[in-house]
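What follows is one structure encoded as structure tokens, with my remarks underneath.
The values are calculated or read from the model by the stated rules, or taken from the named source; none is laboratory data. Because the structure is a prediction, the values reported are computed rather than measured. Glycine gets a Cβ as well: all are built from the backbone with ideal geometry, and neighbour counts include every protein chain shown. Heavy atoms of the whole protein, side chains included, go into the accessibility calculation; ligands, DNA and RNA do not. Shrake-Rupley method; radii C 1.70, N 1.55, O 1.52, S 1.80 Å.
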Amino acid sequence: MDKIRIVGGNELKGTIPISGAKNAALPLMIASLLTEEKLILENVPRLADVALLQRILGNHGVDITTNGKRNGDDPYAGQTLEIDARVIVDTIAPYELVSKMRASFWVVGPLLARMGVAKVSLPGGCAIGTRPVDFHLDALRALGADIEIDAGYVLAKAPRGLTGARIVFPKVSVGATHTALMAAALARGESVIENAAREPEIVDVADCLIKMGARIEGAGTSTIRIEGVPRLKAARHAVLPDRIETGTYAMATAMTGGDVMLAGARPDLLEDALETLRHAGAEIDATNEGIRVRRNGAGILPVEVSTAPYPGFPTDLQAQLMALMTKAKGRSRITETIFENRFMHVQELARLGARIHLDGDTAVVEGVERLTGAPVMATDLRASVSLVIAGLAAEGETMVQRVYHLDRGFEKLEEKLSRCGAEIERISG
Ligand code: EPU
């Protein structure tokens with residue numbers, strides 16, 4: 001298994017190109033199941049999760065071609081996928097695949113809407129919490145599907161197609177909003193989704209569906225209206241920039257000090273996180289090129305933050321913020337409200353010398369003068385990258401194990417950071 005070796009202490013200086021968003025690319029690829037015509041997606045990041053979803057879609061009979069790189073192409077440019085779901089050969093998504101990546105469960109909506117039937121494995125447990133799928137299933141039931149659970153599988157049927165309905169989510173869910181949106185796009189009549197997730201990735205998927213001929217209004221607000229259409233058509237769409245990758249490198253820069261341009265980043269996608277970083281003492285400027293993050297000699301100031309659905313502070317940046325706060329001048333409080341078990345990084349950060357204690361769903365972080373390198377590992381993607389951030393500011397060597405977590409969501413992480421002066425390398429093993 002590969003490891004990442006970091007020797008901390010260097011400031012970050014230079015440019016980091018921001019990739020397309022993983023959490024938009026995945027549902028966009030899944031949306032290809034809704035049409036017999038070709039969906040062309042540009043700016044798709046090169047990530048293990050994207051490759052895995054290609055395999056999963058391949059299992060349903062979807063044909064995906066990746067445009068090869070030509071000499072002289074920007075090495076950081078995203079890939080273009082041509083996705084052709086003309087023939088769906090199999091409406092079953094097996095446990096072996098769905099258990100590897102939760103988001104693949106989301107095929108249930110499009111398969112059911114287009115084929116009238118889907119058999120999709122329940123995703124099972126997950127390192128960051130229990131993460132049930134009840135909202136997804138309730139939304140599909142509201143649209144007229146008959147749903148049964150049998151032997152770990154969801155059997156969904158709607159032989160005469162889905163019918164528009166009012167769907168009210170009890171709690172904001174990104175995935176369930178994707179499911180409802182995609183299924184309602186092909187349902188007969190009007191659907192209204194209330195308490196919908198407002199995340200930019202929902203807006204990106206809705207924009208793509210609209211290009212495919214869907215009739216959707218209100219994406220990005222809590223109420224989305226969809227007028228179902230009988231079929232969707234070919235489209236071309238570019239994935240929006242990754243706000244979590246953006247926030248991660250912004251925090252890394254705030255942690256080490258320095259001056260980094262996050263090229264292609266969109267500040268409007270993470271205003272709350274950027275404001276938090278300003279409070280912590282970073283200088284943040286939006287420019288035509290992207291977001292410039294600087295911190296000079298001044299120390300990091302503590303913050304009090306609660307994660308919340310968009311436009312609040314994202315849970316996917318909670319671990320990274322905690323890493324930053326380990327070196328703040330004083331006490332920070334970071335409350336996790338989305339997932340009940342998303343604090344696995346706490347014990348690993350402690351291995352580097354961080355002082356954190358948990359008080360229910362709040363982590364109380366007492367900033368320390370110095371962190372010291374150590375071997376660490378994490379059980380999920382964002383927790384792993386928080387250890388990289390801490391390692392960049394720790395004295396001596398930090399070895400991050402289980403790098404496959406990072407490869408799921410961060411494209412060319414060690415390359416992007418070492419180009420800015422970090423001492424970081426991958427050790428194959
Ligand atoms: N929930 C339910 N029932 C459901 C669905 C969700 O109780 O049927 C609960 C969850 O357990 C959680 C809350 O609702 O407590 C919100 O979960 P949500 O459905 O919004 O999460 P998700 O759609 O499974 C996506 C991202 C996550 C991100 C969350 C929250 C993708 C592929 N995943 O997950 O990203 O943390 O939204 O913003 O978009 C990551 O990228 O590292 C990651 C975990």
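Scanning the stretch 287-314 for residues that are touching a Ser or Thr at 6+ places or on another chain (Cβ under 6 Å), away from the ligand (no atom under 16 Å from the Cβ) and open to solvent by less than 20 Å² (accessible area, probe 1.4 Å) returns V293, V303.
Do we find a residue being part of a helix (DSSP H, G or I), within 16 Å of the ligand (Cβ to nearest atom) and either polar (S, T, N, Q) or open to solvent by 10 Å² or more (accessible area, probe 1.4 Å) (or both) anywhere in the stretch 180-198? Within the stretch 180-198, not a single residue is part of a helix (DSSP H, G or I), within 16 Å of the ligand (Cβ to nearest atom) and either polar (S, T, N, Q) or open to solvent by 10 Å² or more (accessible area, probe 1.4 Å) (or both). The C-beta contact set for the stretch 101-129 (first residue in a loop (DSSP other than H, G, I, E, B), second residue among the hydroxyl-bearing types (S, T, Y) and surrounded by 24 or more Cβ atoms within 10 Å (Cβ to Cβ), distance under 9 angstrom, 6+ apart or interchain) comprises P123/S104. Among the residues making up the stretch 155-164, those that are open to solvent by 20 Å² or more (accessible area, probe 1.4 Å) and within 28 Å of T130 (Cα to Cα) are L155, K157.
Cβ-Cβ contacts under 6 Å between residues 6 or more apart (or on different chains), taken from a first residue in the stretch 285-300 that is in contact (Cβ under 8 Å) with a residue 60 or more places away in the chain to a second residue that is not hydrophobic (A, V, I, L, M, F, W, C), are listed as G290/G264; I300/G281; I300/K327. Taking the criterion of being open to solvent by less than 10 Å² (accessible area, probe 1.4 Å), touching a residue at least 24 places away in the same chain (Cβ under 8 Å) and of a type outside the set (A, V, I, L, M, F, W, C), would at least one residue in the stretch 67-86 satisfy it? No, the conditions are met nowhere in the stretch 67-86.
Just so you know, in the stretch 396-405 the residues that are at pLDDT 95 or above and of a type outside the set (V, I, T) include one that is nearest to D242 (Cα to Cα), and it is M399.
For the stretch 133-154, the criterion of a residue being within 11 Å of the ligand (Cβ to nearest atom), within 27 Å of the chain's Cα centre (by Cα) and open to solvent by 50 Å² or more (accessible area, probe 1.4 Å) is satisfied by at least one position.
Within the stretch 86-99, does at least one residue satisfy the condition of being within 22 Å of A238 (Cβ to Cβ) and not in a helix (DSSP H, G or I)? There is no residue in the stretch 86-99 that is within 22 Å of A238 (Cβ to Cβ) and not in a helix (DSSP H, G or I).
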